[in-house]
Structure formats: structure tokens, C-alpha cells
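The values are calculated or read from the model by the stated rules, or taken from the named source; none is laboratory data. Keep in mind that this is a model prediction, so the values were computed, not measured. Because the Cβ atoms are built from the backbone with ideal geometry, glycine has one as well, and the counts that use them run over all protein chains shown. We work out accessible area using only protein heavy atoms, side chains counted, and drop any ligands, DNA or RNA first. Shrake-Rupley method; radii C 1.70, N 1.55, O 1.52, S 1.80 Å.
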Amino acid sequence: MNEFQIKKSGIEYDAIVVGSGAGGGMAGYVLANAGLKVLMLEAGAYFDPRIDSQQLKWPWESPRRGAKTTRPFGDFDASYGGWELEGEPYTQKNDSEFAWFRSRMLGGRTNHWGRISLRMGPDDFKPKDGLTADWPLTYQELKPFYDKVDRMIGLYGTVEGIESEPDGIFMPPPKPRLTELFIKKAAQKVGVKVIPGRGSVLTEALPNNKDRAPCFYCGQCGRSCKVYGDFSSSSCLVIPAVNTGNLTVITNAMVREVLTDKSGLATGVSYVDTKDLQEHQVRGKIVILGASACESARLLLNSKSTAHPDGLANNSGVVGKYLHDSTGASMSGYLPQLVDRKRYNEDGAGSVHIYSPWWLDNKKLDFPRGYHIEYGGGFRVPGYAFGWGMEEKNGTVPGKDGKMKAAGGYGAGLKDDYRRFFGTSVWMAGRGTAIARESNYCEIDPEVVDKYGIPVLRFNYKWAPEEVKQARHMQETFKEIMHAMGAVASETHDADTNYGLEAPGKIIHEVGTVRMGDDPKKSALNQWCQAHDCKNLFVVDAAPFVQQGDKNATWTILALSMRTAEYILQQKEKLNIS
Amino acid sequence: MNRRDSLKAIGLTAISAGLVLEACKPGKEKIVKVEEEAQPGRQDFEIARDKKLNSYKFFNDHEMATITVLADIIIPKDDKSGSASEAKVPDFIEFIVKDMPEHQTPMRGGLKWLDLQCLNRFEKTFKDASLNQQIEMVDDIAYPEKVKPGLAQGVAFFNLMRNLTASGFYTTEIGVNDLGYIGNVPNRWEGVPADVLKQYGMEGV
């Protein structure tokens, strides 16, 4: 027997879904519940938060005390993966510094995300400033799906009536922590609006759902939740969909390309088993990509055929282009007036308790669009780096005897300082709209393949002056708020560091690489996230985004994917799914 | 497949067996073998890496003894809790320099720097110097803003030693209890207690 052979499946599924994150999970869930026979391929390992979450572990249960050595957000974080994966490189062009975060696991990056669940607003879909292209749909058209996602998955928040920050169907939000009250008071003093956070964490029982329990306030959503109290695609979508009997999941299945026939229609996909390196081909009547914005673009560009010589769904040439990640900058510090504060449990919910939606009018500013600010601080379970840099703190605050002391030190006095400063920390982080530009893109590197022999992505991404100016404005706002509450900032950023503007990809909100549009010459997908050039191919992750708002992408991915899945059900006959 | 069965299938009842995730239909190709993992939620390479780091020692006995003396000077036993060495901080430092090799040279070189200083001053290494001599030495490198010319390398080393000691101590049960951290347990968050709101004048915010 030839050792190198491709195993071909005899079954033809109604749909093959590539990826199990928010987009793939939702499409799989809707279609499986409607009775379609669906195959889902996940490149990473099986992961069920009920079993695999590191929730409620103590720091001493990790030899590195939860440090970030092997996982970018620490030993207890739920992500299998990060910005660098062994054997799966990506390359850069023109000194680009794009950082590409991949979670190789069931549920993808939804296992560890911040659960901040914001809707995009009417102007995000149809911008009034003319800077970026319109989406091929309006907020009003997507609103019913946002509503359904809210009811199905659950989130907390408050009805505020802000047009650009549309309200959802909310559970009660967690109350602010003490540090957050200081922030709120100070922010309002300097004219920055602060409202309760919006997070997909169940603060009460979710009606008609017996699988998920409400939040028990450990503040550890980043570890994923054993009682399914927050949204992960694994716990809330994929595992329930498997339970219908209609969804089959294959993990450790890295998809190589989408297969097409002579007429150019998708017939299935080929994948490699990452454990035994066996090659497989599976067949489906439709193919749905939810592999993540950049991975879906990579797959399309690697799916070349006579019918699709520039890659699948790429007659327009836009696949890979218009890549954009949120801008991000932050500031942290401490509140000297909180030394020696009373102890109580304020772990709270693991998503934000308060935030500031964009509050200004751009006519008076030197950059377009805007940003929101996320906040936090206070007592947290200690981990690696606890107390780090005390020598920069303990000389700034009078001791219990009212006298200043020399910074640094050792012994009983130092030991007391660690107690005194515990719970005084505050942080704020801006997340803003980056403009989608044709010149920021990913493409196939003509020379490099990964360990499976799959050609890798090469990134070309530069921040423009608009984004740097936005980061400068963030820093100025942070400084004002920190000053107004009497906080001491740990570190400040100026022009030398682009005002602390994170490298693109670091915020992990990258979108836009397979964009939608009404014009097949300028877009890859129609308004149903269906390829203009291949009617049985759909994309349901953040790749279809025309232009992000300053809203975290997940809630919009979920709503769009649900809309696309319902469209597929309506089009069953045309798509030959009977 | 109902939910209870599926939970069984995905391993809630299985601890060591490779588990099988199987959808009911269609066809027979649905069987997916999920790799066995000794520790739930930990990747194979992480388990192997920790095992390897624990299989050899970085610091020699003299270095470990010096680290122990320093750690207990930084965090001594007091009326509230035990010392750094009681919380096994030296073992943590041994592990963490293997986990984060960037700490290896600053730690090894800093310890050597310290011994040379003490040999020149007291004709003894740091660990063999008297307690008074040890404190005299530490006083010269524990206060960054008061450092005398020529001793800045010692300050940099002592800052690292202080930071690693604090990291190692406050992430143990002894350290967490010392801080009075009382979370990491299921509870209900009802907002800031009334007396605390009043203390900081935050009732109306």
C-alpha cells in the first residue's frame, strides 16, 4: 500500500464548516438545529470548558504562578495558541509588524476573549464621513439578528439610548468595583461619559436553557467557564449542536484548501490530520469558512483552480486586502488614597463592569471615527509579577506613621508595603476604529510553507497618521482621568512610542480580509456573505467586515453568521440541499 | 444523543481513556479520537516542558543558600506570616529562571557580584558573612534613590531579587492569606459594601 495517499470520504455532507469559533460555531449551530447534516473541521484540539477550564485554580498550582511563558495571557488562560505557533509561521513585508493571534482549539479565541459584547451602530454600517465603503446592509437589517443573539446567548448591560451604541436585550450589569467608582467619578469630571459594561456573562438564569448556569463571580472569564456562565463557542454553540446528532466535529484537522469542480462550485475541502499527518478529502454541498479573518483569506488564496486562477472568490482581487485591527493603547497606575483598604471579595464578573462609549464629535478633532475605553482595577488573585516594581511605588506614599520613606528596602517594612498597596491598581485601555485600507493586507508568501506544506501568509500593514493621532488622544484622555482621581501612572507614552499604539494584530480584532459588497468588482462576498464567484461558498467569521467600528467584533460576527445560516436555509433548494 | 450521554462521551466520566466524540448520524466516519491528556486543559508540550525544567538544577548549592538568605532578608517572618523560605520562595526562583532564561545571567552574575563585594569588604562570601555584615551590604543596594557610585549593578540585582521574592511569596497560600485576598471562590457580587462607599465618599457615584 502506498503510504502517502489521500483518504476520500464517501459521504456528502449538506455543509462543511471550517473553524469552530464564533462564526463557525453559530453557523454550525443554526444549520444542525435545522436538521442539516453538518461536518465541522477544527485545526486545534478538543476543548470543553466544563472539563478543561483552569478556573478557580490557585497561583501555586502553576509552577510559574500563572506567568505568560507558554501562553500569552498566562498559564491559566484558556487559549491554546498565541501570536506565535510552532511550525506555523507567517512573514512580513516592508517592515510590517502585524501580529497574528491564533487559538488552535474547539471554540477558538472565544474561550479566552474579554466577553465585551457591543453592537455596531447605524453609522458604522453606512459611514457619513465618506472615508470608507458602505456595508451592503444596514443596522436595521442586522438588528433582528443581534436581538436573537442577545436572547439566545445572553449578555448584561443597560439601555442608554445612544444612537451609535445600540442597546440590546440586557440582563442586569454587575455593579462597579471601588476603583471603578473612582474612575467613573473622575472621568465624568473631565467630560468622559461612563456607562455600565456590556458583557456576554449570565448575571441571571438564561430562559429556556438548562445547560448553562449563571455567573458565580470569580472574575476569570479568560480561563473559560466550567458552568458555561459566559459565552464560548465551544460551550454555547458547538457542543449543543453536536448534541442534536446533526453536527460532526473533527478536531486536529487543518484545512489545506477548498475543492472545486470544473464549473467552479465548491465540492468540499482537503485537510491534514495534525496528529498523524494523514491527508483527507471530505465532500459537502456547501462550504462555510469560519477559520478567522486571516485564515479564511489564506484558505481562499490557496484554493487555486482553472475556474479560480487567483484563488477562490477572488475575481475582484480583494481577498486579503482591507485587513484592519482595532487601535489599542492603555495606561495603568495606582490610587495612593486606597492604601490600607478594607478587604472583601470584589472579583466580580470577568468582563468589564464599566466602559466609555465614544463620546466626542469628530468635527473638532484631527482624526476620524473614535474609540471606547475599558476600565478596571482593584483586588485580583495574585499571580506572577505580583508586587513587581515596588521600589517605584513605596517611596511615593507616606507610611503608617505619616512619614515618607526611602523607595525600595527590605524586611518587615517592605512586607507591610505589599499589603498596603494591594488592591490600589487601576487601568484603562482604549479600543478604536482603524480605517480599512487597501494597502494593508495579507497575501500568500511565494516562498514559505508551514510544517504541513501549506503556503503561509505574508503581512503588509502600516498604521497611518490618523491612528497615531487617535492613540495620542487616548493618552491625553487617560492622563486627564488619572489626574482627576489623583492616581499615579506607572508608565506614560509619547511620540517616541507612537503614544503606546499597539502593533496591528495585538488587539486581536482583525477583520476585513474577504469583504462584502454589492459590487463584485470591489468585494468578494454579497450581502449574505456568499461568494460572488462561487454561490455555494460562504464566509462567516470577521473576514466579511467592510469596516469595523470601535466595537469589539464578536457580537457582529455572531449576528452576521446567524443571518447567513438562515439565508442558507431559505435557499436550500437553490443550493441543492434537500 | 442526549446531553447526559454526550457529557459522558466527552470525558466527564473518563479520566484516562482516549475519548470518542461521535455524532449519531450520518454514516460511520464520524468517530473522532481526541488525544489523551494527563491534565485537563493543558497541552502536551506544556506538560513535557514543565517535566524537563524540573529534571535538572540551574543554581548550585552555594547559590541556592545565598538566595535563601537574601529572600529571608527581603521577606522575613513577622507577626502575621512566615518567611520567604518557609513559603519555598528559593524553589520558585530555581524554577522560574529555567522557565524564563532571561533571568539567568542577571541572577547568577548578581550573586557573583554580591560575593565579590563581600569578599573585598569582609573576606567572606555573602552567605558566610555575619548578619550585621549582610545587612550592611544589603543597605547599600536596597535603596535605588540613595545608591552610592559604583554600586548601581548591585541595586539592579537586588531589585530583581526583591521582585522575584515578592512574586514567589505572594503567590503561595501563606502569601495570599497574608495579603488578605479572599476571592477565587464562588460568591455573589453585590457591589461595594456600604461602609466602604461611605469611607471614600462614593455613595452617589
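Here are the numbers:
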| item | result |
| --- | --- |
| Residue list for the stretch A:414-457, given a label point 7 angstrom along the Cα-to-Cβ vector of A:Lys342 and an amide N cut-off under 20 Å | A:419-425 |
| Accessible area of A:Glu480 in the full protein assembly, 1.4 Å probe (Å², nearest 10) | 90 Å² |
| For B:Lys124, residues with placed amide H under 5 Å, excluding near neighbours | B:Leu119 |
| Relative contact order for the stretch A:365-484, counting Cα pairs under 8 Å that sit 6 or more residues apart, in percent | 30 percent |
| Buried area at the A-B interface (accessible, heavy atoms, 1.4 Å probe, summed, Å²) | 7700 Å² |
| Helical mean residue ellipticity (222 nm; -39500 (n - 2.57) per DSSP H run of 4+; nearest 500) of chain A | -5500 deg cm²/dmol |
| Sites B:Ile135 and A:Trp83 - FRET efficiency at Förster radius 35 Å, r taken between beta-carbons, to 0.05 | 0.20 |
| Quotient of C-alpha Rg and 2.2 N^0.38 Å, computed over the stretch B:45-179 | 1.08 |
| Chain A: relative contact order in percent, alpha carbon pairs under 8 Å with at least 6 residues between | 23 percent |
| Amide hydrogen neighbours beyond the local backbone of A:Asn536, cut-off 5 Å, H modeled | A:Ala266 |
| DSSP beta bridges in the protein assembly as shown [antiparallel fraction, %, rounded to 5] | 65 percent |
| Those residues of the stretch A:178-206 for which accessible area with every protein chain present is at least 50 Å² below the isolated value (1.4 Å probe) | A:Leu178, A:Leu181, A:Lys185 |
| Residue-normalised accessible area of chain A, expressed per residue, 1.4 Å probe, Å² | 34 Å² |
| A:Asp518, A:Asp75, reordered so the largest accessible area comes first (probe 1.4 Å) | A:Asp518, A:Asp75 |
| Charge sum, other residues only, whose C-beta stays under 12 Å from A:Glu566's C-beta, Lys/Arg counted +1 and Asp/Glu -1 | +3 |
| Dipole magnitude (debye, nearest 20) for the protein assembly as shown, charges at Cβ of Lys, Arg, Asp, Glu | 1200 debye |
| Hz values of 3J(HN,Hα) by residue in the stretch A:49-59 - Karplus curve (6.51, -1.76, 1.60), Gly and Pro given as x | x, 4, 9, 9, 5, 9, 3, 6, 6, 8, x |
| Proximal charge balance of B:Lys77 [Cβ under 12 Å; K/R count +1, D/E count -1] | -3 |
| Of all accessible heavy-atom area on the stretch B:45-179, the percent that carbon and sulfur account for (1.4 Å) | 53 percent |
| Lysine pair count for the stretch B:45-179 [Cα-Cα under 22 Å; pairs on different chains or 8 or more apart] | 18 |
| Whichever lysines have a C-alpha closer than 17 Å to that of A:Lys321, once near sequence neighbours (fewer than 8 apart) are set aside | A:Lys93, A:Lys462, A:Lys521, A:Lys522 |
| Estimated FRET transfer efficiency (A:Asn208, B:Ile182; beta-carbon r; R0 35 Å; 0.05) | 0.50 |
| Test item: Cα-centred dipole of the stretch A:26-144, Lys/Arg +1 and Asp/Glu -1 on Cβ, debye | 360 debye |
| Residues of the stretch B:95-140: accessible area per residue with a 1.4 Å probe, Å² | 50 Å² |
| In order through the stretch B:161-174: 3J(HN,Hα) via Karplus (6.51 cos²θ - 1.76 cosθ + 1.60), integer Hz, x for Gly, Pro | 5, 5, 5, 5, 5, 5, 4, x, 7, 7, 9, 9, 4, 4 |
| Lys, Arg +1 and Asp, Glu -1 on Cβ, resulting dipole of the stretch B:45-179 about Cα centre, debye, nearest 20 | 380 debye |
| Residue among A:Leu558, A:Ile373, A:Phe182 farthest towards the positive dipole end of chain A, charges placed on Cβ | A:Phe182 |
| Additional length obtainable on full extension of the chain from A:Phe4 to A:Gln140, 0.36 nm per residue less Cα span | 43.7 nm |
| In Å², nearest 10: area of A:Asp276 left accessible to a 1.4 Å probe | 100 Å² |
| 10 Å Cβ shell holding at most 10 others, DSSP loop, trypsin sites (Lys or Arg not before Pro): longest site-free stretch of chain A | A:263-399 |
| Two-site FRET efficiency, A:Lys364 against A:Thr492, from Cβ-Cβ distance with R₀ of 22 Å, rounded to 0.05 | 0.35 |
| GluC sites (Glu not before Pro) within the stretch A:15-98: DSSP coil, no more than 10 neighbouring Cβ in 10 Å | A:Glu86 |
| Pairs from A:Lys37/A:Lys535; A:Lys393/A:Lys415; A:Lys37/A:Lys551 whose Cα-Cα separation, in the structure shown, is over 25 Å | A:Lys37/A:Lys551 |
| Counted charge near B:Thr125, where neighbours are those whose Cβ lies closer than 14 Å (Asp, Glu -1; Lys, Arg +1) | -1 |
